[in-house]
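What follows is a short report on a single structure.
The values are calculated or read from the model by the stated rules, or taken from the named source; none is laboratory data. As the structure is a computational prediction, the values presented were derived from the model and not from experiment. Cβ atoms come from the backbone with ideal geometry, glycine included; neighbour counts cover every protein chain shown. Quick note on the areas: whole protein, heavy atoms, side chains included, nothing else; ligands and nucleic acids left out. Shrake-Rupley method; radii C 1.70, N 1.55, O 1.52, S 1.80 Å.
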Amino acid sequence: MPTKTMKNPSRLRRRTAKVTRKTKETDIAVELDLDGSGQAAVSTGIPFLDHMLDAVARHGFLDLKLKARGDLDVDQHHTVEDVGLTLGKALREALGDKAGIRRYGHFTLPMEETLATVALDLGGRAFFVFQVDFPTDKIGQFDAELVADFWQAFAANALCNLHIVVPYGRNSHHIAEAIFKAAARALRTAIEPDPRISDVPSTKGTL
């Protein structure tokens, strides 16, 4: 008897999203393609954040266009948080009903003396755990505490469980970069179409 081939809905459409957000504090536009090739065109006015988002695109194999203008004369917080928020919304929109994806992803990434683990569930409910200690308050001109703010805003708007743990690390730049790269790799796994699944990966029938 011939084997019936299941059609994965995630393979039948291009998973893209365009999201904008404009407030008195920030003006952000995001274009996201989950089936891209790792290309990024990012401008936030914060060079370190641009560097991290470029790594997310490259290691997540996403195409990302992102432009942000914020009240950097006040501080970096509003821009960083709202970029995470908008990117999370774009991910949620691009995924649609999430039929055919793996849903879960995790990755442990070494960067010299640092080890970072990221685990996530695109299950439609937001929860955020951040067990990380930065040895310095600044990474160049970037406030290290904003790494947590970025990913918390992302998780809240992507509606995902996101756990980030760094058990050890000495260099704050390495710690932050390991987190962003590990998150990208975990996300790459979670959004990947599973050829054995044709419906939503949940016993509830929806995510």
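Observations
- The distance between label points at His51 and Lys18 comes to 3.2 nm (points 7 Å beyond Cα on the Cα→Cβ vector).
- Overall shape: oblate for segment 72-169, with the ratio a/c of the largest to smallest alpha carbon gyration tensor axis at 1.5 or above and b/c at least equal to a/b.
- For segment 55-114, applying the loop criterion from DSSP together with a ceiling of 16 other beta carbons within 10 Å to the GluC sites (Glu not before Pro) yields Glu112, Glu113.
- Of the listed residues Asp50, Asp194, the order by accessible area with a 1.4 Å probe, largest first, is Asp50, Asp194.
- Residues whose amide H comes within less than 5 Å of that of Asp194, counting only those at least five positions distant or on another chain, are Ile101, Arg102 (H built at 1.01 Å from N in the peptide plane).
- Protein-only accessible surface order, largest first, of His51, His59 at 1.4 Å: His51, His59
- Residues of the chain: accessible area per residue with a 1.4 Å probe, Å²: 51
- Contour minus Cα-Cα distance for Thr203 and Lys138 (0.36 nm per residue): 19.0 nm
- Counted charge near Asp63, where neighbours are those whose Cβ lies closer than 11 Å (Asp, Glu -1; Lys, Arg +1): +1
- Label-point separation, Tyr168 to Gln131 (7 Å along Cα→Cβ), nm: 1.5
- Qualifying trypsin sites (Lys or Arg not before Pro) for segment 122-175 [loop in DSSP, other Cβ within 10 Å: at most 16]: Arg125, Arg170
- Computed with a 1.4 Å probe over protein heavy atoms only, the accessible area of Lys204 comes to about 130 Å².
- 29 Å Cα-Cα threshold exceeded, pairs from Lys24/Lys89; Lys24/Lys204; Lys65/Lys204; Lys24/Lys138; Lys24/Lys65: Lys24/Lys204; Lys65/Lys204
- Between amide H atoms placed 1.01 Å from N, distances below 5 Å from Ala116 occur with Leu109, Met111, all of them 5 or more places distant or on a separate chain.
- Ordered by 1.4 Å accessible area with all protein chains kept, Ser202, Ser43 run largest first as Ser43, Ser202.
- Distance between segment 110-143 and segment 67-92 - C-alpha centres, whole angstrom: 17
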